[in-house]
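Notes for the one structure printed next.
Read-outs: derived from the displayed coordinates by stated rules, not from any lab. Predicted model only: the values in this text are computed from it and were never measured. Positions of Cβ are backbone-derived with ideal geometry, glycine not excepted, and every protein chain shown enters the neighbour counts.
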Amino acid sequence: MRAASMNENGGMYIEFAVCMIVLFSVFAMLLTIPPIFIYKQNMDSVCRQVATAAAEAGSVGGDISEFAQELMESYGIEGTVEFSGDISDERVQLRSRFTTTLHATYSISLGREWSVDIDLFSTTQSMGRRYLK
């Protein structure tokens, strides 16, 4: 063992350099990945709040769209909200099921020149809570 450490051909420096590159790459990944999960949790929260507001209001029209935009701005999310299901004329009747979908794109920058865009979706199912005449 001692003879290997006394070797003067520089192999130890190459191993050290490779280990440092791997270590810094893992460290960079640990700093880059968690913000995606935080962004997705914020998207889930916004989607649930918008679905609850639409169910309470009995509508998926302009007021709910404005509420969704304000909520997304406060969380720093740039995306679109879509509604589907038992909706007629932007109205949701009592016990009518509908789905709220929030779509956003998260961009991870790899240096100054490269970036990777990740499409994220958040979906919540809800039911109308208001009887509309």
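At-a-glance table
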quantity: Condition check for THR101: part of a strand (DSSP E or B), closer than 12 Å to VAL46 by Cβ and touching a residue at least 24 places away in the same chain (Cβ under 8 Å); calculated: yes
quantity: Count - residues of the range 40-62 that are over 13 Å from THR99 (Cβ atoms), in contact with a strand residue (DSSP E or B) (Cβ under 8 Å, 6 or more places away or on another chain) and in a helix (DSSP H, G or I); calculated: 5
quantity: Test: residue in the range 37-52 that is of a type in the set (D, E, K, R) and without any contact (Cβ under 8 Å) to a residue 24 or more places away in the chain; calculated: no
quantity: Residues located in the range 63-98, provided they are in a helix (DSSP H, G or I) and in contact with a Ser or Thr (Cβ under 8 Å, 6 or more places away or on another chain); calculated: TYR75
quantity: Candidate set: the range 105-133, residues that are of a type in the set (Phe, Trp, Tyr) and out of contact with any His (no Cβ under 7 Å at 6 or more places or on another chain); chosen: the one farthest from ALA55 (Cα to Cα); calculated: TRP114
